[in-house]
Amino acid sequence: MNWTMQDMNWPTTHHYWAPDATLGPDGKYYLYYCQPVEIFGASSATPVGPWTPLLDPGKPIVPNFLVPNVITLDGQTFKDDDGKYYMYWGTWGIYPNHGCGVGLLNADMKSFAKLAQIPNTDAKDFFEAPFVFKRKGIYYFTYSSGYCEDGTYRVQYATATNPMGPFKYAAENPVLATNADGTVHGPGHQSVLQQGDDFYLIYHRHNNPHNDGGYHRQVAADKIVFDNKGNILKLVPTHNGIGYLAKNANPHDNLALGKTVTTSSDYDQDFKGEYAVDDNNGTLWKPKNNIGPSWLQIDLGKVNQIKSVHTQFEYATWYYQYKIEYSIDGKNWKLYADKSKNTRHGSPMIDIGNVQARYLRTTILHTEYPGLNKAIWNVKVFDNAAYHPAMNTKIKKWESLQRFDSKGLLVDLNFGKFRIGSTVQSIPNNGKLAGTFAAVGTAKPIVSMINGKKALVFSGKERLASSSLAPPSLSGNSSYSVSMWVLNPEVDKEESIVSWTARGGDNLTNVGVGYGSDKNAGAAVHMGWADLGYKNVPKANEWHHIVMVFDGTMERIYVDGKLDRADRRMLFIKKLSRFVVGGFEDGSAGFSGALASLKIFDRPLSTEEVTATYGKGMNSNTVVYTDAKHLAYGKLKEWNNDGAALGKLKINGDAEVADVNGKLAVSLSSGAKLSLSDESFKMVNFAKPFSAVFSILSAKGSKTNLFFGPGKAASISGNGTWQQVICNYINGKFQVRLNGIPTANFSSSVKPKDPQLLLETAAQTAISSVLIYSEGLDQAALAEEFNFWKRTQATENAQATFASKPAAVTPNMVYMVAGLPQLPGNTFEYSFARDHGQASSKWLRSPDFLDFSVKPESNYQYTVKVKDNFGNVTRASLPFPVQTDTALFTIKKQSGTAQSIPANKNGLSGTSWDGLMGTADTVSQQNGVLKMVSHHTLWDGSASTGPFAYHHIKGDFVAEVVLSDLLGLTQKKAYGANEAGIMAKLPGNNSMLVQNGIMPGWGVGNIVTDLRRTGRRQLNNLSGWAFYRHLQIQRLGNTFFMRGSSDGKTWINLPGSPITRDDFANEVLEVGVYHATYGDISGYAAFESFTVFQKK
């Protein structure tokens, strides 16, 4: 069939789904379309417009739930023999009591005289896409079942003798489904075309090969066959179409059909060049990737007169810039058509000429939409130009598309020149974008050496942002590659390493690349079905080379040089932001681990490039690095070497990790020895230039001997304070510097029996760090080495303090905040201890600490000490006593019995609750359990709120509850957006609140909501049905901590916590439990053990 493109003036919305056009009773044409849960209409004197909306802007013909229990979508009209018009619509009709809506249209074609539901008990498995036709007095109600995203999508039907039913489900269902070999995949969303007595099913199916998510679809047609009883026989879908239904408007031979083709490249065997000359709209030529121009050359076999070339580019709604050349001999070329500045879209693009040629070559230069593959469905060549219908498509204003061209390596971050232990405020970008990456906020990553690689260490809070925006060459469907060396000690569900768009918005518009365990979004976040998880999550606490490559067609994950996963997709990246390293800029998906290298390209890396980069690895001149600040207190038998030589430092003698004169150190007994392990010794060559740096403390007058193979040794005298020793071998000379000053305390005659021996003590000696470089340092570098060490030493042995003294906030919880220490570092860790160390925490990055292990009616004492990023440590604070007596608290507990159907504001009178608000079908409290049932209820700032049972609370508090039941909990099956949890809000204002909720749908799990006048921010832990059932809100001034727990004893801060709400200052709040469904599906939640604690 020959088709021509026509632009229309309406609609202009982003969502333009399921259009339906019909000729109305007044001779006008009516066009209906839907966007999520609404149907709109317009009229025109012609079938192609211009269109005039039937109602005011934004007002739908069919709003959502116009028919109860029918979700509005996919409106399709039907004209009966008596001239009456009907409309059918619906989606997600699989829910109980749901189905399809039907309405008898009035003559105005915008209102209804009658409405009804076709229940899903009649139209079994009804999901969406209703279409009705009539044959021999029988009304055939066709519809789609399954899911349009996958192979379950199929066509079914039911019949009736009345257009509004009742309908009877057909026994022959489904009549069209995915075929055995999968080449017809997910067929559905059908309509029916009648030509005389013949009926044809017009439908879409997924492209070949299939894209994930079913977003790429092709229109197909097959003839419907009926038996003698009027039943539709199962369709056998074909790839041949149904042929011409009218006279061929272009009967001339296609000279290019089946001819020999050569190309600049073919993507793979599914997109060969020969597919561009097979006259098949289901096969496509696609070049290797979307970078730079691509060409396709056709050998017509002999010299022909060429008067018309028709090119069907992959996308008819975006323009392509191209040129067509012709040749007699395939060597000397002349220009046939120059469309290098074309700005008109359409299909086919017809170029008229009159030349003689055997060869034609089409070169695609640019595409309007960035990142499109320069792909072609068909090229048709004619020796006649009689058929050249004019396309009525818009010619857009010329603009250069070179801004979308690939530039190569955009971002190149390497941390080799940074000093270990320092925090990073700014990093130069060595890629073509240049500029810097600077820390966002006060949290800064720390430079460390871990398992042989120098890296930035993130705790989940740090972010580094580029000084410039991501370039246009990363927008749309453009290629990208992210190559990184990364180590993740504990892999959380979603941890973003780098992103260059804001999070949220439309599906497929985001980019975030990470190292998480979530099966759907652990590797890449694009928003929606195109999110990508690892097939095999890289093993935790090991270095991995991870590369994410997108070439405009496939997104591939490589781990350690091997392909982990590859999926098809098309992206619509927009709202480019700064590059952000360490998590999304909104604070979500923070990365907790180490990053040793990061490179970002606006081109796809080849498999060979990925393999070569992994094989090359990363080089470091720091062959030995040990630092006591990373060790746990207690006895030590060997010391891991995090330098490039790996292995260990072996300890011969007694050693203990302890605080020594204000530093974390390894304290060695008299006569103890420190040696390189066999693995470390293999990479340490003291015959070549090297520099060894020690931080040592020994008693005044005591000796510490250092050894570096034959002829290189030093003997250092202690002075009772921390000293830096540098033993440097360069230009054939061995030199020792003590505290930055050259010293003669070395010997060239010492030859240790053990060549791996590094250090030997003559008295008790403490060592805080050892570094050995595989190069000698010049004088400037030696001076800087000492100056850095000196700047990072504590000037006095400071004592830790409490900024907020330990205090019981419930009889089972003690809360405290450490004070800012007087240490030279700018990043701190805190260790809290109870009762003289009987119970102590690990080193924590947060100064806030909650002790959940206390018991009521008890007395405790707490201390804290602090260490900085250089290993300096304070003395423990003075102990502070705490009582957990129940009598110190006002405690409100859930109690009482009540029932309200439907619920009203007095529905919980006589119970412990102060009040009840919102809409609910049922609210009841019995036997200590409060149950809320509601539908079409919201907590997003809308007026139609769900039920909320609350107390009036002033001042600081801790509120806890257990979610004892939820719709779908037993089956672990989500029904819509059923949500419940604990909330604090301003009285009389439904747009000023914080929530700690649970919504298992879509794998969300625990969800924290911060709703205020400026908007709504939500973060979740992707736990799905494995959510924390114990929920808690703690108010501390204007700060709200949102926590979850599996047992009600040990609480975890949830993503999005804490929340600062200065607008809640000094306000009495309503604190309690809520429920919402965010849809018409009825849901419920049950709560027990709601308790509020307040200090008297």
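Results, tabulated for the structure shown:
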item: Test set (1) over 22 Å from Val873 (Cβ atoms); (2) surrounded by fewer than 23 Cβ atoms within 10 Å (Cβ to Cβ) - Ser667 fails condition number; result: (1)
item: Subset of segment 27-84 (residues that are more than 38 Å from the chain's Cα centre (by Cα) and either of a type in the set (Gly, Ala, Ser) or closer than 21 Å to Asn120 by Cα (or both)); result: Gly27, Ala42, Ser43, Ser44, Ala45, Gly49, Thr77, Phe78, Gly83
item: The listed residue being crowded, with 19+ Cβ neighbours inside 10 Å, touching a helix residue (DSSP H, G or I) at 6+ places or on another chain (Cβ under 8 Å), part of a loop (DSSP other than H, G, I, E, B) and on the phi < 0 side of the Ramachandran plot, out of Ser483, Ser478; result: Ser478
item: All positions within segment 1058-1078 that are part of a loop (DSSP other than H, G, I, E, B) and surrounded by 22 or more Cβ atoms within 10 Å (Cβ to Cβ); result: Thr1077
item: Of the criteria (1) surrounded by fewer than 24 Cβ atoms within 10 Å (Cβ to Cβ); (2) touching a residue at least 60 places away in the same chain (Cβ under 8 Å); (3) more than 31 Å from the chain's Cα centre (by Cα); (4) more than 17 Å from Thr1077 (Cβ to Cβ), which one Ala959 fails; result: (1)
item: Answer from Gly1024, Gly1037, Gly1015 - the residue that is in contact (Cβ under 8 Å) with a residue 40 or more places away in the chain and on the phi > 0 side of the Ramachandran plot; result: Gly1037
item: Scope segment 357-407; condition within 12 Å of Gln321 (Cβ to Cβ), in a loop (DSSP other than H, G, I, E, B) and polar (S, T, N, Q); matching residues; result: Ser400
item: So Ala713, is it over 26 Å from His630 (Cβ atoms), crowded, with 21+ Cβ neighbours inside 10 Å and more than 50 Å from the chain's Cα centre (by Cα); result: yes
item: Criterion violated by Lys1095 - all others in (1) over 29 Å from Ala589 (Cα atoms); (2) surrounded by 19 or more Cβ atoms within 10 Å (Cβ to Cβ); (3) touching a strand residue (DSSP E or B) at 6+ places or on another chain (Cβ under 8 Å) satisfied; result: (2)
item: Residue match in segment 268-281 (condition: surrounded by fewer than 16 Cβ atoms within 10 Å (Cβ to Cβ) and in a strand (DSSP E or B)); result: no
item: Only listed residue being of a type in the set (A, V, I, L, M), within 24 Å of Leu464 (Cβ to Cβ), touching a residue at least 40 places away in the same chain (Cβ under 8 Å) and assigned to a loop (DSSP other than H, G, I, E, B), chosen from Ala530, Ala589, Ala596; result: Ala589
item: Meets criteria (among the aliphatic types (A, V, I, L, M) and surrounded by fewer than 17 Cβ atoms within 10 Å (Cβ to Cβ)) for Leu335; result: yes
item: Long-range neighbours under 7 Å by Cβ, at least six apart or interchain, first residue assigned by TED's automatic domain parsing to the domain that holds Asn429 within segment 441-470, second assigned to a strand (DSSP E or B) and basic (Lys, Arg); result: Val447/Lys454; Ala465/Arg578; Ser466/Arg578; Leu469/Arg578
item: Cβ-Cβ under 6 Å pairs, at least 6 apart or on other chains, segment 379-402 side over 22 Å from Arg361 (Cβ atoms), far side surrounded by 13 or more Cβ atoms within 10 Å (Cβ to Cβ) and basic (Lys, Arg); result: Thr393/Arg344; Ile395/Arg344
item: Residue match in segment 228-246 (condition: farther than 30 Å from Gln156 by Cα, modelled with pLDDT under 95 and not polar (S, T, N, Q)); result: no
item: Residue count for segment 409-425, restricted to those that are under 24 Å from the mean Cα position of the chain (by Cα) and either part of a loop (DSSP other than H, G, I, E, B) or crowded, with 20+ Cβ neighbours inside 10 Å (or both); result: 3
item: Among (1) within 26 Å of Gly871 (Cα to Cα); (2) surrounded by 18 or more Cβ atoms within 10 Å (Cβ to Cβ); (3) over 46 Å from the mean Cα position of the chain (by Cα), the one test that Ser695 misses; result: (3)
item: Strands (runs of 3 or more DSSP E) contained in segment 609-674 and holding at least 1 residues of a type in the set (A, V, I, L, M); result: 622-627, 648-652, 655-660, 663-668
item: Test result for Tyr32, without any contact (Cβ under 8 Å) to a residue 60 or more places away in the chain, surrounded by 22 or more Cβ atoms within 10 Å (Cβ to Cβ) and touching an Asp or Glu at 6+ places or on another chain (Cβ under 6 Å); result: yes
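The values are calculated or read from the model by the stated rules, or taken from the named source; none is laboratory data. Because the structure is predicted, anything quoted here is derived from the model rather than measured. Backbone-built Cβ (ideal geometry, glycine too); neighbour counts: all protein chains shown.
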